[in-house]
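Here is the structure we will look at, set down as structure tokens.
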């Protein structure tokens, strides 16, 4: 990777007040005491780029017009030309999220002094400051520090502190620069120049300590976003900030306020003296009709509790813009008016691009882009059937099955010879790409044939590592009850159309747990909200939960293979915080690659361990999925195609009729026949007693999902004895179709 030249303006992590920003020579400065002066200031935001610099879909291995910072850059340049005064900020989740990010972090790791590709691009656009997102911590603090060292603009974060090991909050020190006060020269309506002190403060979800516990524990702590703002904003005003821009990497939720709240923008907007909010994290667009009726929201003005606010989606698909009209009176600047807009790079209705990609950005990362392409095109194995996630929310699905199979295979090997060997291993997986907020193109769709690394990255988007937890049957059921929040409640008596999917419940939380069988009764209300709080304590959607064909014993122990994110942050996967029995350094994606390579050819067919419980044949339940799903839907008897939706999905009607049962026919009566007189039996000739023969070995054919210890347990022996008897050089490597001899005690 090529080193980039640094700007002459140097920043440090401990700096609190930044040096001034300068624009082109303007007319002589006006006096700060001037009254009746009006300045129009444009504030622009990018957020949640997730390394999508080039407008390229690495999973489909083709260009795209729907996202990519190279296209956003064109909008930024256009927006700048329209305004006399402007500022540009990025709101984090920048260095993780696609194969380019993985390549730079894990395949050919960024070295000290090298510039991360995201900054090769962003440095071309003259950003004024950036905020830290939660995914910035995924690769650890050292990688984060090395990465942002390549930025030619300063970073802020106010609610991450150094973990000093004591409980005295009065001596806590910020890990990053908590805020900046930028000296910005602005031009008023007459052309006169004024000095404007712009305060900038940033925040990250406090939950990073759970999400990246292994990398952050003992190093940093986090504090509540709103309380942190209430501490620092008055300090910023006291130091002369004329206006204050808050940049929370946090979403908007219209729910009661809680301590350490993840999505806290509604309550942050109530903090005195914040003049604009640039938010993100939730991958949503604000202002947008989906916020209609929410507390404090004025969609016409684009404000929350009167504060101008914007959230520009994700992956560079939009540019967020807030235009402030500032007035100077009695030496003080106030916001007289505001306007909020979100500018898209793609027309989703007419399916056409609205801007071209910026060639300067593409050129800056061309080498890194090519390295990534070479990486993702590398072969792994072969699949005998297509792998897609079109129906992952309505039936057991191959895109999850292959992940859970690989996790189970890996964890069982790791537990051999430990105290946990012999405890049943289950495996939890979720559909990462199943439409939702990301749109109708956001699905896994791998054709039968060769599997490349790009396909595995498509199956498993995140750089998680394999974890395993120990839970009871009762706790397992609660885990599944939470997962079942993915669905709206279906009224069995209604004949009106009812939407099945609850889009406020992220699909990456819809855990399917393989190794048990169960049904989900969506005619009952969800027991839990997406955040895990109880919604209907007495409800139970999970029915017919069984292990090996029998109802699950609530006290029985199970090992569940999952990932570090779920094991560290979910009270269902880890009820008391002490259930992790395996915290592997190996990434889930690498385990999937190793699994496919070990078998070379895989059959990803789902085993059908879960289903939606029947309701009746009268309910009209709608399910939306990819427009590419029509052909595959022909094989799903419960789905009937309805048509295309305005937002580009294909809509299907889902049948909840009970499966047909076959009434057995009474056996035919035999024709009456005259009785036949039996002949007397012949007397047998006496023979000598034969010598008993030793029983022959049992020949066992290995099936999908088998492990040596499971086979051994089935036949009352040990995996060590089986490995020795069959002369297995590597007992961890058995394959589908392999013949194993089971000794019978001869």
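The values are calculated or read from the model by the stated rules, or taken from the named source; none is laboratory data. All values reported here derive from a predicted model rather than from experimental measurement. Reconstructed Cβ throughout: ideal geometry from the backbone, glycine too, with neighbour counts over all protein chains shown.
Going by what's in this entry, would residue 306 be described as touching a helix residue (DSSP H, G or I) at 6+ places or on another chain (Cβ under 8 Å), surrounded by fewer than 21 Cβ atoms within 10 Å (Cβ to Cβ) and within 22 Å of residue 250 (Cα to Cα)?
Here the answer is no, as residue 306 does not meet what is asked.
Return yes when residue 586 is touching a helix residue (DSSP H, G or I) at 6+ places or on another chain (Cβ under 8 Å), assigned to a strand (DSSP E or B) and loosely packed, with under 15 Cβ neighbours inside 10 Å and no when it is not.
The answer is yes for residue 586.
Conditions (1) outside any loop (DSSP other than H, G, I, E, B); (2) closer than 19 Å to residue 593 by Cα, marked per residue:
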| site | (1), (2) |
| --- | --- |
| 373 | yes, yes |
| 381 | yes, yes |
| 401 | yes, yes |
| 409 | yes, yes |
| 423 | no, no |
| 426 | yes, no |
| 462 | no, yes |
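Take residues that are buried (at least 22 other Cβ atoms within 10 Å of the Cβ) and tell me which of the helices (runs of 4 or more DSSP H) falling wholly in region 160-263 contain 3 or more.
Because the criterion is at least 3 residues that are buried (at least 22 other Cβ atoms within 10 Å of the Cβ), the helices (runs of 4 or more DSSP H) in region 160-263 that meet it are 225-238.
If a residue must be within 23 Å of residue 551 (Cβ to Cβ) and touching a helix residue (DSSP H, G or I) at 6+ places or on another chain (Cβ under 7 Å), how many such residues does region 484-514 contain?
Total satisfying the criteria: 4.
Hey, can you tell me all the residues within region 172-228 that are free of Cβ contacts under 8 Å to residues at least 60 places away in the same chain and at positive phi?
Passing the criteria: only 218.
If I ask for residues that are under 23 Å from the mean Cα position of the chain (by Cα), within 18 Å of residue 159 (Cα to Cα) and assigned to a strand (DSSP E or B), which ones from region 264-286 would you list?
278
What pairs can you find where one residue is in region 465-492 and within 21 Å of residue 523 (Cα to Cα), the other is assigned to a helix (DSSP H, G or I), and their Cβ atoms are less than 8 Å apart, with a gap of 6+ or different chains?
482/509; 483/509; 485/509; 486/507; 486/509
So if I check each of 529, 524, 454, which one is farther than 27 Å from residue 251 by Cβ and touching a helix residue (DSSP H, G or I) at 6+ places or on another chain (Cβ under 8 Å)?
Only one candidate qualifies: 454.
If you scan region 140-159, which residues turn out to be farther than 17 Å from residue 114 by Cβ, out of contact with any helix residue (DSSP H, G or I) (no Cβ under 7 Å at 6 or more places or on another chain) and part of a loop (DSSP other than H, G, I, E, B)?
153, 154, 157
Kindly evaluate residue 530 against the criterion of being crowded, with 21+ Cβ neighbours inside 10 Å, under 23 Å from the mean Cα position of the chain (by Cα) and either in contact (Cβ under 8 Å) with a residue 24 or more places away in the chain or more than 20 Å from residue 400 (Cβ to Cβ) (or both).
Against the criterion (crowded, with 21+ Cβ neighbours inside 10 Å, under 23 Å from the mean Cα position of the chain (by Cα) and either in contact (Cβ under 8 Å) with a residue 24 or more places away in the chain or more than 20 Å from residue 400 (Cβ to Cβ) (or both)), residue 530 does not qualify.
Give the residue that is surrounded by the most Cβ atoms within 10 Å (Cβ to Cβ), with candidates limited to residues of region 537-552 that are within 30 Å of the chain's Cα centre (by Cα) and not in a loop (DSSP other than H, G, I, E, B).
Within region 537-552, the match that is surrounded by the most Cβ atoms within 10 Å (Cβ to Cβ) is 542.
What number of residues in region 319-340 are modelled with pLDDT of 95 or more and in a loop (DSSP other than H, G, I, E, B)?
Here the count works out to 0.
With respect to residue 567, determine if the residue is part of a loop (DSSP other than H, G, I, E, B), crowded, with 23+ Cβ neighbours inside 10 Å, touching a strand residue (DSSP E or B) at 6+ places or on another chain (Cβ under 9 Å) and touching a residue at least 40 places away in the same chain (Cβ under 8 Å).
The answer is no for residue 567.
Among 501, 520, which is touching a residue at least 24 places away in the same chain (Cβ under 8 Å) and either surrounded by fewer than 19 Cβ atoms within 10 Å (Cβ to Cβ) or in contact with a strand residue (DSSP E or B) (Cβ under 6 Å, 6 or more places away or on another chain) (or both)? Don't jump to the end; show me each part of the working.
On the way: 501 fails: either surrounded by fewer than 19 Cβ atoms within 10 Å (Cβ to Cβ) or in contact with a strand residue (DSSP E or B) (Cβ under 6 Å, 6 or more places away or on another chain) (or both).
From the options 501, 520, the qualifying one is 520.
Take the residues of region 95-139 that are in a loop (DSSP other than H, G, I, E, B) and either outside the structural domain of residue 247 (by TED's automatic domain parsing) or within 18 Å of the chain's Cα centre (by Cα) (or both): which is surrounded by the most Cβ atoms within 10 Å (Cβ to Cβ)?
Applying the filter and picking the extreme gives 133.
Residue 368 versus (1) assigned to a helix (DSSP H, G or I); (2) surrounded by fewer than 15 Cβ atoms within 10 Å (Cβ to Cβ): which is the lone unmet condition?
Of the numbered conditions (1) assigned to a helix (DSSP H, G or I); (2) surrounded by fewer than 15 Cβ atoms within 10 Å (Cβ to Cβ), the odd one out for residue 368 is (2).
Does residue 577 satisfy being farther than 20 Å from residue 429 by Cβ, in the same structural domain as residue 415 (by TED's automatic domain parsing) and either loosely packed, with under 14 Cβ neighbours inside 10 Å or modelled with pLDDT of 95 or more (or both)?
yes
I'd like the residue in region 397-426 that is at pLDDT 95 or above and surrounded by fewer than 21 Cβ atoms within 10 Å (Cβ to Cβ) and, out of all such residues, is farthest from residue 447 (Cα to Cα).
Filtering region 397-426 for residues that are at pLDDT 95 or above and surrounded by fewer than 21 Cβ atoms within 10 Å (Cβ to Cβ), the one farthest from residue 447 (Cα to Cα) comes out as 423.
Go through 57, 90, 65, 61 for me and flag whichever is within 18 Å of residue 314 (Cα to Cα) and either modelled with pLDDT under 95 or not assigned by TED's automatic domain parsing to the domain that holds residue 278 (or both). Give the steps one after another, and end with the answer.
Values: 90 fails: either modelled with pLDDT under 95 or not assigned by TED's automatic domain parsing to the domain that holds residue 278 (or both); 65 fails: either modelled with pLDDT under 95 or not assigned by TED's automatic domain parsing to the domain that holds residue 278 (or both); 61 fails: within 18 Å of residue 314 (Cα to Cα).
Exactly one of 57, 90, 65, 61 is within 18 Å of residue 314 (Cα to Cα) and either modelled with pLDDT under 95 or not assigned by TED's automatic domain parsing to the domain that holds residue 278 (or both), namely 57.
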